[in-house]
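Single-structure report; data block below.
Read-outs: derived from the displayed coordinates by stated rules, not from any lab. Just so it is clear, the structure is predicted and the values come from calculations on it, not from any experiment. We place every Cβ from the backbone using ideal geometry, glycine too, and count neighbours over all the protein chains shown.
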Amino acid sequence: MLALIDGNNFYVSCERVFQPKLRGRPVAVLSNNDGCDIARSDEAKALGIKMGAPYFQLLERDAGLIALSANFALYGDMSDRMMSLAAGLGNNQEVYSIDESFVDLSGILGDLLRCARTIRKRIHHWFGIPTCIDIGPTKTLAKLVNAIVKRLYKPGYKYAKAGVMLMDLQPATREQLTLDFDETMPENRVRLMLAMDQLNQRYGHGTLTLASAGAPKAMKLWAMHQEQLSSGFTTDWRGWH
């Protein structure tokens, strides 16, 4: 048997842990550059807010909707905490996404449902994240149970209405390249860091930095738009405000 542990409305739930004022209110979390919504609270869904709705359309609504910039550092940290507890449910854990993981229950004795409820309660009590834990003989069936629980299935209907989001589109004449940080070639990381250190020693501290470290003040025009970004509650002690 396999268990699927899934964080409910995960990005929104992470924000609510540190901002209780958001509880019970319609909340949407936006994609990079505040482009479109990628997570919605149940209250936002009840308003008819669709997944992938552009931010400018959300601004046109006058229903008390709160839109937040994605705080991936916070979500990643909260995910690690949630997964560490979820792993205790069984033998092996496979992290499926930032808010989902499968846990192998083979060989686990006792009442599996009771164990699942205990882990679910513990995750919520320790970290404030509501979860669903669904059990099935295969990953597909565990996911199906999860979908049914979330009311995506209705008796009598053969098909479910679905949507598709197209993101990170770019012209065929351009290509977004990345630095060679392949984990199978750690020597490339070492060479890059040495090169950066040498350049910064020669031309001054901060001459060359990684984009993930944040853009210098003079380069803010190139920085990602995050006008509604919450604090770094668990990742930056200076971030509380």
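Viscosity 0.692 mPa s, temperature 37 °C: give me the Stokes-Einstein translational D for region 1-129 in µm²/s, with Rh taken as the Kirkwood radius over C-alpha pairs. The partial results should precede the final answer.
Details: Rh = 15.8 Å.
Roughly 208 µm²/s, to the nearest whole number.
For residue 23 and residue 209 in the same chain, what is the full-extension length gain: residue separation times 0.36 nm, less their Cα-Cα distance, in nm?
63.1 nm
Give me the distance in nm between label points sitting 7 Å out from Cα along the Cα-to-Cβ direction at residue 1 and residue 109, one decimal.
The two pseudo-label positions are separated by 1.6 nm.
Among 196-208, 20-32, how do they line up from the highest to the lowest mean number of other beta-carbon atoms within 10 Å?
With the highest mean Cβ count within 10 Å placed first, the list reads 20-32, 196-208.
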